[in-house]
Amino acid sequence: AAAVFRLHIRPSRARLRMARQSRLLGTVGQWAALVLCGALGIALFVFVDLTPEVEINFFFSSDDPQLRSSMRIDQQFGYSPQVFVAARSRQIVSGQYLGRLYQLTEELRAVPGVADVRSLTHRTDDPTKVLRDDPKEVFADLGKSPFWRRLLLAPDRSATFVVIRLRGDEHTATVKAIDEVLARNSRPDFDVAASGVPYVAEHLRKRLVSDLQRFSVVAFAAFATLVAILFRSVAILIGTMVAALTASFGTFLVRALAGMKTDVLVPNLWTIAFVLTISHVVYLTAEWRHAAREVGSQRAVRQAVRLVSPASAWSLLANLLGFASLIFVSAKPLRQFGISGVIAAALAMACAYGLYPAFLRAAKPGPTHAGPITRGLERFFTVRHRLVAAA
């Protein structure tokens, strides 16, 4: 009687251990995945500079013939970064226009980081002389100089240009101060707008910082909502987010260790890492849920890994080939994006198969109430279509 009680009624230690392992946040594997994800996230935000850098030659490789030719010209004649401001008005030949242009130029000259400013009022050593002269004589005198006319006057005579020469290589504070000066001096009848490589590059950098923050938050929220709707399981939701975030954090850390800086295409990596990871997760979960009701959750996870992993391997190969094709282009950001995609694809599969199953074991498949559409899709996607594959 005691033997029968021990064998058939009292749960064994192995069964108790299996029960403990199937609880959410009740296994070593789940906590190890959480710790790894948290550690990588902390390391990323502490040690890696996620501020995108937009270099002047960010669309060219170092061995590009045009870039080398430009660099030889710079070495021969000298180079300093410039910003061009267009001051547009309906009537530029007027004392009011020249007064506002003088005020704008003076404020731009006072901006830290500005080496020199040239405009219609500041092309000579005595800028105030222009304010005392007749505006028609000022523009007539400008027309006599082919150099200044082409540099400072728009071809349709609707605006004049202010040429700003900058110091050094760091222009973040300078461009911000220039924007403030332009905002103060802009009027309905005195419209000012700026351009130039350092100016555009700095505004691109600011936009990329915003995109990086937005993409990371939106990717997390959108995919978390999608997974929650699809599977309606807290364990699956937590496991998916842990795997996807770990793949994202790891991608940024590995590319930083490889010496790659945060460039113009980096904001896209958040979404790419999430998509690649969730692709594996969705198929693992679908196969697990299909088998869990018959063989149990633990065995269903092993079966799902065994059946889905070959398809994931082929998917990984396709991703690697696709991203690797970008390594051969001349644009440096695209080359680094291709390498980053290779890293993300490898880490996505590693995290999906290494971290996610620990949480999947704690999920419950739940009752199925498949409608006709669901059953039709299951029939189509769970059989082999040899003719389709051959085509």
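The values are calculated or read from the model by the stated rules, or taken from the named source; none is laboratory data. This structure is a prediction, so every number in the text was calculated from the model and none was measured. When we count neighbours, we look across all protein chains shown, and the Cβ atoms used for this are built from the backbone with ideal geometry, even at glycine. These accessible areas exclude ligands, DNA and RNA; they are computed on the full protein's heavy atoms, side chains included. Shrake-Rupley method; radii C 1.70, N 1.55, O 1.52, S 1.80 Å.
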task = Please work out if residue 259 is under 30 Å from residue 54 (Cα atoms) and touching a residue at least 12 places away in the same chain (Cβ under 8 Å).
result = no
note = Looking across the stretch 101-116 at residues that are out of contact with any helix residue (DSSP H, G or I) (no Cβ under 7 Å at 6 or more places or on another chain) and touching a residue at least 24 places away in the same chain (Cβ under 8 Å), the single one that is nearest to residue 156 (Cα to Cα) is 101
message = Could you check the stretch 173-209 and list, in sequence order, the residues that are basic (Lys, Arg) and either crowded, with 18+ Cβ neighbours inside 10 Å or within 27 Å of the chain's Cα centre (by Cα) (or both)?
response = 176, 205, 206, 207
ask   = Out of (1) open to solvent by 40 Å² or more (accessible area, probe 1.4 Å); (2) closer than 24 Å to residue 32 by Cβ; (3) assigned to a helix (DSSP H, G or I); (4) touching a residue at least 60 places away in the same chain (Cβ under 8 Å), what's the single condition that is false for residue 284?
value = (1)
ask   = Does at least one position in the stretch 263-275 carry a residue that is more than 13 Å from the chain's Cα centre (by Cα) and in contact (Cβ under 8 Å) with a residue 60 or more places away in the chain?
value = no
Selection count where residues are in contact with a Leu (Cβ under 6 Å, 6 or more places away or on another chain) and under 30 Å from residue 360 (Cα atoms), scope the stretch 252-265 = 2
task = Would you point out which residue out of 166, 212, 153 is at pLDDT 90 or above, in contact with a Pro (Cβ under 6 Å, 6 or more places away or on another chain) and surrounded by 13 or more Cβ atoms within 10 Å (Cβ to Cβ)?
result = 166
message = Here is a check on your reading of the model: is residue 221 open to solvent by less than 70 Å² (accessible area, probe 1.4 Å) and either acidic (Asp, Glu) or not in a helix (DSSP H, G or I) (or both)?
response = no
message = Tell me yes or no: at least one residue of the stretch 348-367 is free of Cβ contacts under 8 Å to residues at least 60 places away in the same chain, over 22 Å from the mean Cα position of the chain (by Cα) and open to solvent by 90 Å² or more (accessible area, probe 1.4 Å).
response = yes
task = Quick one: residue 256 ticks every box in (1) under 13 Å from residue 341 (Cβ atoms); (2) open to solvent by 30 Å² or more (accessible area, probe 1.4 Å) except a single one, so which number is it?
result = (1)
request  = Have a look at 312, 340 and point out the one that is touching a helix residue (DSSP H, G or I) at 6+ places or on another chain (Cβ under 9 Å) and either more than 19 Å from residue 249 (Cβ to Cβ) or not hydroxyl-bearing (Ser, Thr, Tyr) (or both).
outcome  = 312
inquiry  = Cβ-Cβ under 7 Å, sequence separation 6+ or interchain: first residue in the stretch 321-337 and open to solvent by less than 50 Å² (accessible area, probe 1.4 Å), partner of a type in the set (S, T, N, Q). Which pairs?
reply    = 331/61
note = Of 293, 302, 289, the only residue that is farther than 22 Å from residue 243 by Cα and either assigned to a helix (DSSP H, G or I) or open to solvent by less than 80 Å² (accessible area, probe 1.4 Å) (or both) is 293
key: Selection count, the stretch 239-266, where residues are outside any helix (DSSP H, G or I) and not charged (D, E, K, R)   = 7
inquiry  = Given the criterion more than 17 Å from residue 185 (Cα to Cα) and either touching a residue at least 24 places away in the same chain (Cβ under 8 Å) or open to solvent by 50 Å² or more (accessible area, probe 1.4 Å) (or both), identify the matching residue among 119, 89, 80.
reply    = 80
